[in-house]
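The values are calculated or read from the model by the stated rules, or taken from the named source; none is laboratory data. Keep in mind that this is a model prediction, so the values were computed, not measured. Quick reminder, even Gly has a Cβ in these numbers, built from the backbone with ideal geometry, and neighbours come from all protein chains shown. Heavy atoms of the whole protein, side chains included, go into the accessibility calculation; ligands, DNA and RNA do not. Shrake-Rupley method; radii C 1.70, N 1.55, O 1.52, S 1.80 Å.
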Amino acid sequence: MKTIILAGGGHSHLSILKKMASNSIPDTKWILISSNKYQYYSGMFSGYIEGLYSIDDMRIDLSQLAKQANCLFYDASISKIDATAKQVITDDGQLFSYDYLSLDIGSHTNNPSINGLTQFQSSLKPAHHFPTHAKKLRDAANVVIIGSGAAACEMVLSLQAWKDRQNKKNGLISLIHSNDLLGKNGKRTSQLATSIINKNKIQHYEYERAEEVTEHHVITDKGKRIPYDEVVFLGGGSAPDMLKHSGLAVNKDGFLLVNSSLQSIDNPYVFGAGDCVSLVTHPHLEKNGVHAVRQGPFLWDNLRAALMKTPFVNYSPQKKSMAILSTGNKEALLIYGKIALQGKWAWRLKDRIDRKFIEKYK
Ligand SMILES: Cc1cc2nc3c(=O)[nH]c(=O)nc-3n(C[C@H](O)[C@H](O)[C@H](O)COP(=O)(O)OP(=O)(O)OC[C@H]3O[C@@H](n4cnc5c(N)ncnc54)[C@H](O)[C@@H]3O)c2cc1C
């Protein structure tokens with residue numbers, strides 16, 4: 001009997017659990033270990049913040065999904081991986097041995113190079129932290145978000161829409177970023193995003209770097225002291241610390257290095273997908289839910305191939321993918337490569353896609 005541990009109930013593992021419900025593999029025991037009974041779906045974070053979705057709309061019950069898949073579920077965070085002994089240890093002291101380990105534990109919202117950030121920020125990731133910190137953000141008068149990408153833009157706009165909806169007049173939502181907004185999607189997209197931010201009463205600190213976070217202020221490289229009640233860094237995911245101490249090969253930022261079979265480059269018993277990995281074939285691949293979802297079926301095929309000693313399949317990410325960012329008040333910005341279009345129709349499309357995704361796992 002072989003034991004496979006699925007670490008984390010992330011996007012790729014959701015699809016594996018779904019496949020397992022209809023495809024059993026003889027003589028295997030599957031264990032899902034995740035930090036929470038629920039997987040909170042980040043595609044709906046913005047709509048939840050704005051008050052458009054309830055908590056149940058945006059979460060998936062992992063214990064139910066595991067039950068249907070004939071997989072044991074253990075509700076705890078893995079705090080240590082010992083790749084040499086083929087064991088993981090959870091934060092409540094349980095030890096699990098594995099034949100194969102599959103990691104889909106996501107990333108964290110942190111940036112240790114900003115002094116004081118780790119101590120004072122409200123981390124929206126790992127995903128199970130989201131509901132607690134979302135409440136703090138909604139209740140706060142002054143919120144500072146640091147970042148220039150899709151998550152940062154969505155979060156300031158959704159928080160502002162929530163404030164307007166609640167008729168909250170006190171305080172400010174501020175956005176600090178040192179690079180062009182949505183810069184990876186070209187000048188025009190960046191200009192459009194900037195004009196949407198400026199139209200929405202958001203205090204906008206363009207081309208400023210947040211250097212330090214003190215108990216009540218964010219201090220920028222231009223010497224501004226921006227007051228906050230809640231501060232969040234959304235300028236790119238950071239790697240879970242335990243990967244660096246696992247004995248597995250990681251990149252310079254601490255993400256697990258995997259090859260195109262989604263297998264650790266130096267340990268054939270470890271696989272991984274989603275935000276927590278870096279593909280050696282595509283080191284600059286963006287960390288988003290779209291790639292994590294697409295990797296799921298390849299991860300499933302290769303875990304089965306490892307068990308059955310059959311050939312692996314190679315994952316290659318698609319060159320372009322569509323992103324839809326909520327811009328508040330049931331409007332959204334659809335981005336495909338360098339094309340960006342805003343409208344209510346884009347929000348309706350996003351809403352349909354997100355609800356369909358969740359529905360699949362209910
Ligand atoms: C505010 C915000 C909004 C975003 N919006 C979008 C969007 O609209 N579209 C998009 O494509 N991407 C979006 N992203 C990015 C997206 O969240 C990630 O790229 C995506 O969640 C990665 O999926 P994953 O499967 O790697 O990990 P996750 O979805 O983060 O899942 C990881 C799972 O592992 C569990 N876990 C974590 N640590 C441990 C541990 N130590 N032990 C056991 N279990 C653990 C977590 O509880 C969680 O269930 C957003 C990110 C943020 C921060």
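Here the simple spin-label model places points 7 Å from the Cα toward Cβ, and for Phe120 and Glu212 these points are separated by 1.0 nm. Remark: spin-label model distance Lys29-His284 equals 4.6 nm, labels positioned 7 Å along the Cα→Cβ axis. The value obtained for segment 1-109, namely the Cα convex hull volume divided by the number of residues, is 105 Å³ per residue. Peptides 100-112, 316-328 ranked from most to least packed give 100-112, 316-328, packing being the mean of other C-beta atoms within 10 angstrom over each peptide's residues.
Once R0 is set to 35 Å, what does the formula 1/(1 + (r/R0)^6) return for the Cβ-Cβ distance between Leu172 and Ser54, expressed as a FRET efficiency to the nearest 0.05? Efficiency for this residue pair is about 0.80. Note on the chain: with charges restricted to the Cβ of Lys and Arg (+1) and Asp and Glu (-1), its dipole about the Cα centre is near 1220 debye.
With R₀ set to 51 Å, the beta-carbon distance separating Lys309 from Lys224 gives a calculated FRET efficiency near 0.25. Using the 1.4 Å probe convention, the accessible area of the chain works out to 45 Å² per residue with neighbouring protein chains retained. Taken over segment 117-236, the percentage of Cα pairs per 5 Å bin, counting from 0 up to the bin with the maximum distance, is 2, 12, 23, 25, 20, 13, 4, 0. Mean projected area of the Cα convex hull of the chain, taken over all directions, amounts to 17.3 nm².
Can you tell me the FRET efficiency between Ala21 and Tyr269 if r is taken as the Cβ-Cβ distance and R0 is 22 Å, rounded to the nearest 0.05? About 0.35, to the nearest 0.05.
Rounded to two decimals, the Cα-based Rg/Rh of segment 156-200, with Kirkwood Rh, is 1.05. Look at the dipole of segment 117-236 built from charges on Cβ: of Thr194, Phe130, Asn142, the Cα furthest out on the positive end belongs to Thr194.
Determine ³J(HN,Hα), in whole Hz, for all residues of segment 310-320 in sequence, where each value follows from phi through the Karplus function 6.51 cos²θ - 1.76 cosθ + 1.60 and θ = phi - 60°; x replaces Gly and Pro. Listing the rounded values in order: 10, x, 7, 9, 9, 8, 9, x, 5, 5, 10 Hz.
Please pull out the direction-averaged projected area of segment 228-362, using the convex hull of its alpha-carbon atoms, in nm² to one decimal place.
Values: hull surface 45.7 nm².
For the Cα atoms of segment 228-362, the hull's average projected area reads 11.4 nm².
Around the amide H of Glu212, modelled in the peptide plane, lie the amide H atoms of Ile219, all under 5 Å away and 5 or more residues distant in sequence or on another chain. Under a plain spin-label model, where a point goes 7 Å from the Cα along Cα-to-Cβ, how far apart in nm are Asp139 and Thr84? Using points 7 Å along Cα→Cβ, the separation is 4.6 nm.
When the chain is treated as a GNM, springs tying every alpha-carbon pair under 10 Å, which of Leu72, Leu137, Leu256 comes out with the largest mean-square fluctuation? Looking only at Leu72, Leu137, Leu256, the biggest GNM fluctuation is shown by Leu72. Averaged over residues, the count of other Cβ atoms within 10 Å places the peptides 27-35, 162-170 in the sequence 27-35, 162-170, highest first. The GluC sites (Glu not before Pro) of segment 147-244 that DSSP puts in a loop, and whose beta carbon has at most 11 other beta carbons within 10 Å, are Glu215.
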